[in-house]
Each structure stands twice: as C-alpha cells, then as structure tokens.
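The values are calculated or read from the model by the stated rules, or taken from the named source; none is laboratory data. All values derive from a computational prediction rather than experimental measurement. Here the Cβ positions follow ideal geometry from the backbone for every residue, glycine too, while neighbour counts run over all protein chains shown. For the accessible areas, the whole protein counts, side chains as well, though only heavy atoms, and no ligand, DNA or RNA atoms are used. Shrake-Rupley method; radii C 1.70, N 1.55, O 1.52, S 1.80 Å.
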Amino acid sequence: MPAFFWSALTLGRALGTAFLRHFSEGRVLRTGYAAGAAGIGLMLWAPTLDSVIGGAMIAGLSFATLYPITVARFSQRFGVAARSIGAIMFSLAAVGPAVIPWMVGVISHATGSLRAGLLLPLGATIILFLVSLAES
C-alpha cells in the first residue's frame, strides 16, 4: 500500500499547480483534508483489496498539495519573521511524521487490529480539516 500512496502523492504534487490555478489555497486545503479523510476511511472499511488500493491513492493525491501550501501560507503570514520561527515550526512539524506511524503500530499491536491503529491518522486528518475551517 505504501507504494500506491507515495506514487499518488508524487503525481498529486505534479498536478497541484493545475488545481491552484483554478481554486484558492484555502479551498484546496479544505478539499485535500476532506478527501484525505475519505481515503483513509475507505482504507479502513474497504471490503476488497482494490478498495484499499483506491483509498491509499485517494489519500496520496489528497495530501500532495497540503504541505507545500502550508509552507507558503506560513511564509506569507509571518513574512520576514518566518526566518526566525521557521526552524522551530519545521522541527515541530517533523514530530507528526515521526510519532504517528509509531503510534499506529503501538495501537495496532495493543488492539490486534490495524484498523484501530489507522483511526489515529484519520483523527489527525479530521482535526487538521477542522483547523483549516476555523482559519477561513
């Protein structure tokens, strides 16, 4: 599944500029988080392997533009001050990708269910979606 996710993420980065020409950054962020949550949900409750692959690809495409847009918005919002607080923010931003996969494993091992572990990234994506709604 990771290969499908990363392939879709790479393709989504290439296609991202086309989306941003037609839609606002905020709309792309909100749609990306919502579609990412839908992709994770599909992986969680998919009855077939093809559905799981589809969910991984939806999630990859959905998350493709989120990081670049967030970095651009950070620079835009903080201007010159972004240089001084950027190191702290990027360090904090590395915590999620470092901790969430480990926590998925811990939860999956403790419950005996990968689906239970994958509820964590689903919840994190929903929280990010809600934050993007509040920011609008």
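When the residues ILE127, ILE69 are ordered by accessible surface, computed with a 1.4 Å probe over the protein chains alone, the sequence from largest down reads ILE127, ILE69. Restricting the calculation to Cα atoms, segment 7-136 shows an Rg/Rh of 1.00 when the hydrodynamic-style radius is the Kirkwood one.
Remark: the chain carries 62 Å² of accessible area per residue (probe radius 1.4 Å; ligands, DNA and RNA excluded). Angle of helix 95-111 to the longest C-alpha principal axis of the chain, folded into 0 to 90 degrees and rounded to 10: 20°. Per-atom-type breakdown for the chain gives carbon and sulfur 73% of the accessible area (1.4 Å probe, protein chains only).
Computed from backbone phi, the HN-Hα couplings of segment 60-70 come to x, 4, 5, 7, 4, 8, 5, 5, x, 5, 4 Hz, rounded to whole numbers (Karplus: 6.51 cos²θ - 1.76 cosθ + 1.60, θ = phi - 60°; Gly and Pro given as x). As a rough guide to protection, the peptides 48-60, 92-104, 21-33 ranked by mean Cβ packing within 10 Å, highest first, stand as 48-60, 21-33, 92-104.
Here the Karplus curve 6.51 cos²θ - 1.76 cosθ + 1.60, taken at θ = phi - 60°, turns the phi angles of segment 32-46 into couplings of x, 5, 5, 5, x, 5, 5, x, 5, x, 4, 4, 5, 10, 6 Hz, with x standing for Gly and Pro. Cβ-Cβ distance of LEU20 and PHE90, R₀ of 22 Å, FRET efficiency by 1/(1 + (r/R0)^6): the value works out to about 0.50.
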